Amino acid sequence: MKEKATISKIMTADVFTVKSNQQLLDAYNIITKNKIRHLPVVSDGKIVGMLSKTDIDKASFISAFDEEEINKAIYENLTTEQVMTKRIISVQVSDSIADVATLLSKHEFHAVPVLNGEELVGIVSSTDLINYLVSLI
């Protein structure tokens, strides 16, 4: 019987996070500077939400007009908790890549936090899964 590869093989282990009470501007800066699309949100060492670039963009309807100063003012007056997705699904580091791919394909999100018990140890995105599939070709 073929052993299934675990998600730890393809996850990003060096995860950027934000605290739930941080300004949305902080999250925006982390996402922009590091060219990432998803940030786990933590409070008291526990994951409490996920924040995506899309969540941040939705926080400002003006972003369509590319008014950077207006967006900055909006982002300074919101916290990550006000914008984050609170209904999160996480996976365990020992879960198989196939199981995580199935999970992502059934839901409307594109990244999940990876936990070892309750400790955040990584994040895996749909892009990670696609890159993994491409590497098999």
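The values are calculated or read from the model by the stated rules, or taken from the named source; none is laboratory data. Please read all numbers here as calculations on a predicted model, not as lab measurements. Don't worry about glycine lacking a Cβ; one is built from the backbone with ideal geometry, like all the others, and counts go over all protein chains shown. All accessible areas refer to the heavy atoms of the entire protein, side chains included, with ligands and DNA or RNA removed. Shrake-Rupley method; radii C 1.70, N 1.55, O 1.52, S 1.80 Å.
Points to keep in mind about this one:
- If you check Asn29, Asn71 for being of a type in the set (S, T, N, Q) and either assigned to a loop (DSSP other than H, G, I, E, B) or open to solvent by less than 40 Å² (accessible area, probe 1.4 Å) (or both), only one passes: Asn71.
- Asp128 vs. criteria over 18 Å from Leu39 (Cα atoms) and surrounded by 11 or more Cβ atoms within 10 Å (Cβ to Cβ): no
- Test: residue in the range 58-65 that is in a helix (DSSP H, G or I), modelled with pLDDT under 90 and under 19 Å from His110 (Cα atoms): yes
- In the range 32-52, residue least open to solvent (accessible area, probe 1.4 Å) [restricted to those that are under 16 Å from Glu118 (Cα atoms) and of a type in the set (Val, Ile, Thr)]: Val41
Yes/no per residue for (1) aromatic (Phe, Trp, Tyr); (2) modelled with pLDDT under 90:
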{"position": "Arg37", "(1), (2)": "no, no"}
{"position": "Pro40", "(1), (2)": "no, no"}
{"position": "Gly49", "(1), (2)": "no, no"}
{"position": "Ile70", "(1), (2)": "no, yes"}
{"position": "Tyr75", "(1), (2)": "yes, yes"}
{"position": "Leu78", "(1), (2)": "no, yes"}
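- Candidates Leu78, Leu39, Leu25, Leu129, filtered to the one that is on the phi < 0 side of the Ramachandran plot, among the aliphatic types (A, V, I, L, M) and out of contact with any Leu (no Cβ under 8 Å at 6 or more places or on another chain): Leu25
- Of all residues in the range 80-100, exactly one satisfies the criterion of being crowded, with 18+ Cβ neighbours inside 10 Å and without any contact (Cβ under 8 Å) to a residue 60 or more places away in the chain, namely Val83.
- Considering residues of the range 78-92 that are in a loop (DSSP other than H, G, I, E, B) and in contact with a strand residue (DSSP E or B) (Cβ under 8 Å, 6 or more places away or on another chain) only, the residue farthest from Ile10 (Cα to Cα): Leu78
- Subset of the range 1-26 that is without any contact (Cβ under 8 Å) to a residue 60 or more places away in the chain and touching a Phe, Trp or Tyr at 6+ places or on another chain (Cβ under 9 Å) - its residue that is most open to solvent (accessible area, probe 1.4 Å): Gln23
- Pairs, first farther than 12 Å from Thr17 by Cα in the range 41-56, second open to solvent by 50 Å² or more (accessible area, probe 1.4 Å) and at pLDDT 90 or above, C-beta under 6 Å, six or more apart: Lys53/Arg37; Ile56/Tyr28
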